[in-house]
Amino acid sequence: MRAAGITVLLAAATFGLWWAVFPADWSVVPTRDPNTLASPVRTGHWVAAGAGLAVLAGAAGYVRGVLVALAGIAVPAFVLFCVYSASAEVVGANLWAVGALFLAPPLVAGVAAAAALGALVRRRRIRPPTTTV
């Protein structure tokens, strides 16, 4: 399969993972205290999304390589974060651009590392290390 086809499949899987893990609306929600609002996005959402993206990136690296994983996973995940964050109603200023700047480096590094690990596994499976006696 060509790199473009795999990239499209990875982007679709990233969108599916995103919609399965995160709430549809990131706007603040009331809590028991009438003067307090909270984010509906919890730590568990981020952990599940990170684990899912790492698995996708490892599989992408195994099948095609790091660049395809970055294009098919990191870019759509970054775009989804920006769209969901920018459209959320918050108290005060919506600083989604600052959040995006903090998200980009670990997202790219994590996807690249997981994809490189997948590529390394593929290389080891295709050409097993030689042993000398």
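The values are calculated or read from the model by the stated rules, or taken from the named source; none is laboratory data. A quick note: this is a predicted structure, and the numbers were derived from the prediction, not measured. Quick reminder, even Gly has a Cβ in these numbers, built from the backbone with ideal geometry, and neighbours come from all protein chains shown. When the accessible area is computed, the model is the full protein with side chains, heavy atoms only, and any ligands, DNA or RNA have been set aside. Shrake-Rupley method; radii C 1.70, N 1.55, O 1.52, S 1.80 Å.
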Lone unmet requirement of (1) open to solvent by less than 70 Å² (accessible area, probe 1.4 Å); (2) within 30 Å of residue 123 (Cβ to Cβ) for residue 2: (1)
Output for the stretch 5-33, where each listed residue is open to solvent by 30 Å² or more (accessible area, probe 1.4 Å), more than 24 Å from residue 111 (Cα to Cα) and either assigned to a loop (DSSP other than H, G, I, E, B) or not β-branched (Val, Ile, Thr) (or both): 25, 28, 30, 31, 32, 33
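So which of 80, 101, 9, 17 ends up being at pLDDT 95 or above, more than 14 Å from the chain's Cα centre (by Cα), of a type outside the set (Val, Ile, Thr) and within 30 Å of residue 122 (Cα to Cα)? Can you show your working first?
Values: 80 fails: more than 14 Å from the chain's Cα centre (by Cα); 101 fails: within 30 Å of residue 122 (Cα to Cα); 17 fails: more than 14 Å from the chain's Cα centre (by Cα).
Result of the check over 80, 101, 9, 17: 9.
Scanning for something at pLDDT below 95, under 21 Å from the mean Cα position of the chain (by Cα), of a type outside the set (A, V, I, L, M) and open to solvent by 90 Å² or more (accessible area, probe 1.4 Å), does the stretch 43-58 turn up at least one residue? Step through it out loud before you land on a result.
Going through the stretch 43-58, the residues at pLDDT below 95 turn out to be none.
The answer is no; no qualifying residue exists.
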Every pair of residues 6+ apart whose Cβ atoms lie under 6 Å, when the first sits in the stretch 31-48 and is closer than 19 Å to residue 99 by Cα and free of Cβ contacts under 8 Å to residues at least 60 places away in the same chain while the second is surrounded by 12 or more Cβ atoms within 10 Å (Cβ to Cβ) and not hydrophobic (A, V, I, L, M, F, W, C): 40/23
Any helices (runs of 4 or more DSSP H) falling wholly within the stretch 34-133 and containing at least 2 residues that are farther than 22 Å from residue 11 by Cα and charged (D, E, K, R): 96-126
